[in-house]
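Since the structure comes first, as structure tokens, the remarks are kept for the end.
The values are calculated or read from the model by the stated rules, or taken from the named source; none is laboratory data. Computed from a predicted model, the values in this text were never measured in an experiment. As a convention, Cβ positions derive from the backbone with ideal geometry for all residues, glycine included, and neighbour counts pool all protein chains shown. All accessible areas refer to the heavy atoms of the entire protein, side chains included, with ligands and DNA or RNA removed. Shrake-Rupley method; radii C 1.70, N 1.55, O 1.52, S 1.80 Å.
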Amino acid sequence: MEGQEGTQQPQLALAHKLFLLNHPAVDDIEKVRLRDEALSFVVAADMAPLCETLAASSVLSVDQEVLDSMRAKIDDELKKLDEKIADAEENLGESEVREAHLAKSLFYVRIGDKEKALEQLKITESKTVAVGQRMDLVFHTLQIGFFYMDFDLISKSIDKAKNLFEEGGDWERKNRLKVYEGLFCMSTRNFKKAADLFLDSISTFTTYELFPYDTFIFYTVLTSIISLDRVSLKQKVVDAPEILTVIGKIPFLSEFLNSLYECQYKSFFSAFAGLTEHIKLDRYLNPHFRYYMREIRTVVYSQFLESYKSVTIEAMAKAFGVTVDFIDLELSRFIAAGKLHCKIDKVAGVLETNRPDAKNALYQATIKQGDFLLNRIQKLSRVIDL
């Protein structure tokens, strides 16, 4: 998937290649190409600290001479950066001192030295007054977090950014933060919140350093399908002009979305099969592949059964273009897990829906919570009497 404009942060592009190198579904010929590209980038950027880590885990192999050469270049560059910092502190103003420290921070980011980069970013932050510039430092920290998939660092950085926005901050940076937070939510399986954040950012997307716009639309559609009801999906996704201009460029995605909304279940399963490879080979979605597959099937089966009080298993299998045995096995699992509200009459070959009444469910929940509250009050009264 290629973006329309803007450039992805090179280290994040490298992270995706390294992920594919470790993926069993990627064929060996493709891995040779990826390994060459990754090695060329690592050597060109003098990423000696990262190189040593990758060599230790047998992802990449680098000659000792090349490593020594990279370390020598790093030492030379650090010496120059330290000289600039010293010169700025002696002869120039506060903004020049900050810029010199920022240059050193970005150098550590470039060579893949996580600990020193984070340490230097903190030093740079101590020299920074403007809220906007402090926010930019948080974005650099977030990019490091996404490179290493360090969710603790990402979570803390997002909270820090939100606190900074209480002091001020422009809308452009606020909108960028929504995309970062949306990606974090998607990576931690909070698809509902991710969909809301992505949809809020569609018309103002400028976060090309994370991923291209096409990839952003891909994530937005996938998270929205399992999070929104039909009415909201139609308004915010199916008819959204920003999505319509891009969705056709992404294989299977348009058919996947529209066939679900239009209840063309056979076409949906066909597109669904095509999209699985995209999801498997995405470093943010891959850990949730099996979960997402279950959730999307729950959505589509629930939508089909919504129209019926009872329906034959054969009719449902025909609608989805699969065998009766397959649909029987699928539904049995989802019913047992409490994902679908129906029962199978195996003798008659019929599915009978038993959708829970929303008002009745609310009444039962209120009664249960009331009993719990009364029990707590009684226990508290006994303690007070004592």
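Taking the criterion of being of a type in the set (A, V, I, L, M, F, W, C), touching a Leu at 6+ places or on another chain (Cβ under 9 Å) and within 23 Å of Gly145 (Cα to Cα), would at least one residue in region 229-238 satisfy it?
The initial filter retains those residues of region 229-238 that are of a type in the set (A, V, I, L, M, F, W, C), namely 231, 233, 237-238.
Imposing the further condition that a residue be touching a Leu at 6+ places or on another chain (Cβ under 9 Å) reduces the set to 233, 237-238.
Add one more test, that the residue is within 23 Å of Gly145 (Cα to Cα), and what stays is none.
Looking for residues that are of a type in the set (A, V, I, L, M, F, W, C), touching a Leu at 6+ places or on another chain (Cβ under 9 Å) and within 23 Å of Gly145 (Cα to Cα), one finds none in region 229-238, hence no.
Regarding region 294-307, can at least one residue be identified that is loosely packed, with under 13 Cβ neighbours inside 10 Å and either in contact (Cβ under 8 Å) with a residue 12 or more places away in the chain or closer than 23 Å to Cys263 by Cβ (or both)?
From region 294-307, those loosely packed, with under 13 Cβ neighbours inside 10 Å are 306-307; that's our starting set.
When the remaining residues are screened for being either in contact (Cβ under 8 Å) with a residue 12 or more places away in the chain or closer than 23 Å to Cys263 by Cβ (or both), the result is 306-307.
Among the residues of region 294-307, at least one is loosely packed, with under 13 Cβ neighbours inside 10 Å and either in contact (Cβ under 8 Å) with a residue 12 or more places away in the chain or closer than 23 Å to Cys263 by Cβ (or both), which makes the answer yes.
Residues that are among the aromatic types (Phe, Trp, Tyr): find the helices (runs of 4 or more DSSP H) completely inside region 43-150 holding 1 or more of those.
Working: elements: 48-56, 64-91, 94-111, 114-126, 131-148.
Passing ranges, in order: 94-111, 131-148.
Taking into account only those residues within region 115-160 that are acidic (Asp, Glu) and under 20 Å from Ser95 (Cα atoms), which is surrounded by the most Cβ atoms within 10 Å (Cβ to Cβ)? Quick ask: steps written out before the conclusion?
Step one: filter region 115-160 for residues acidic (Asp, Glu), giving 115, 119, 125, 136, 150, 152, 159.
Filter once more, so that each one left must be under 20 Å from Ser95 (Cα atoms): 119, 125, 136.
Values: Glu119: 13, Glu125: 18, Asp136: 16.
Checking each candidate, the answer is Glu125.
Which residue out of Gly321, Gly349, Gly338 is open to solvent by less than 30 Å² (accessible area, probe 1.4 Å), small (Gly, Ala, Ser) and farther than 23 Å from Leu233 by Cα?
Numbers: Gly321 fails: open to solvent by less than 30 Å² (accessible area, probe 1.4 Å); Gly338 fails: open to solvent by less than 30 Å² (accessible area, probe 1.4 Å).
Selected residue: Gly349, the only one of Gly321, Gly349, Gly338 that is open to solvent by less than 30 Å² (accessible area, probe 1.4 Å), small (Gly, Ala, Ser) and farther than 23 Å from Leu233 by Cα.
Tally up the residues in region 183-215 that are open to solvent by less than 10 Å² (accessible area, probe 1.4 Å) and closer than 21 Å to Gly132 by Cβ, please.
Looking only at that region, the number is 3.
Just to be sure before I move on: is Tyr208 touching a residue at least 24 places away in the same chain (Cβ under 8 Å), hydroxyl-bearing (Ser, Thr, Tyr), within 26 Å of Pro10 (Cα to Cα) and not in a helix (DSSP H, G or I) in the structure I sent?
Working: touching a residue at least 24 places away in the same chain (Cβ under 8 Å): yes; hydroxyl-bearing (Ser, Thr, Tyr): yes; within 26 Å of Pro10 (Cα to Cα): yes; not in a helix (DSSP H, G or I): yes.
Taking the combined requirement at face value, the residue satisfies it.
Would you check if there is a residue in region 94-113 being free of Cβ contacts under 8 Å to residues at least 12 places away in the same chain, open to solvent by 70 Å² or more (accessible area, probe 1.4 Å) and closer than 30 Å to Leu54 by Cβ?
No, there is no match, as no residue in region 94-113 is free of Cβ contacts under 8 Å to residues at least 12 places away in the same chain, open to solvent by 70 Å² or more (accessible area, probe 1.4 Å) and closer than 30 Å to Leu54 by Cβ.
Can you tell me which residue within region 163-176, out of those that are out of contact with any Lys or Arg (no Cβ under 8 Å at 6 or more places or on another chain) and either among the acidic types (Asp, Glu) or over 26 Å from Pro212 (Cβ atoms) (or both), is modelled with the highest pLDDT? Step through it out loud before you land on a result.
The initial filter retains those residues of region 163-176 that are out of contact with any Lys or Arg (no Cβ under 8 Å at 6 or more places or on another chain), namely 163, 166-176.
Narrowing further to those that are either among the acidic types (Asp, Glu) or over 26 Å from Pro212 (Cβ atoms) (or both): 163, 166-168, 170, 172.
Values: Asn163: 87, Glu166: 80, Glu167: 76, Gly168: 72, Asp170: 76, Glu172: 84.
Result: Asn163.
Please work out which residue is nearest to Asp46 (Cα to Cα), limiting yourself to region 81-92 and to residues that are of a type outside the set (Lys, Arg) and open to solvent by 60 Å² or more (accessible area, probe 1.4 Å).
Of region 81-92, the ones of a type outside the set (Lys, Arg) are 81-83, 85-92.
The next check asks that each one be open to solvent by 60 Å² or more (accessible area, probe 1.4 Å); those that pass are 82-83, 87, 89-92.
Working: Asp82: 18, Glu83: 20, Asp87: 25, Glu89: 28, Glu90: 30, Asn91: 31, Leu92: 30 Å.
Checking each candidate, the answer is Asp82.
Which one of Leu67, Leu78, Leu60, Leu106 is within 20 Å of Val43 (Cβ to Cβ) and in contact with a Lys or Arg (Cβ under 7 Å, 6 or more places away or on another chain)? Step through it out loud before you land on a result.
On the way: Leu67 fails: in contact with a Lys or Arg (Cβ under 7 Å, 6 or more places away or on another chain); Leu78 fails: in contact with a Lys or Arg (Cβ under 7 Å, 6 or more places away or on another chain); Leu106 fails: in contact with a Lys or Arg (Cβ under 7 Å, 6 or more places away or on another chain).
Step by step, each of Leu67, Leu78, Leu60, Leu106 is checked, and only Leu60 is within 20 Å of Val43 (Cβ to Cβ) and in contact with a Lys or Arg (Cβ under 7 Å, 6 or more places away or on another chain).
Can we say Val32 is of a type in the set (Val, Ile, Thr) and open to solvent by 50 Å² or more (accessible area, probe 1.4 Å)?
Criteria met by Val32.
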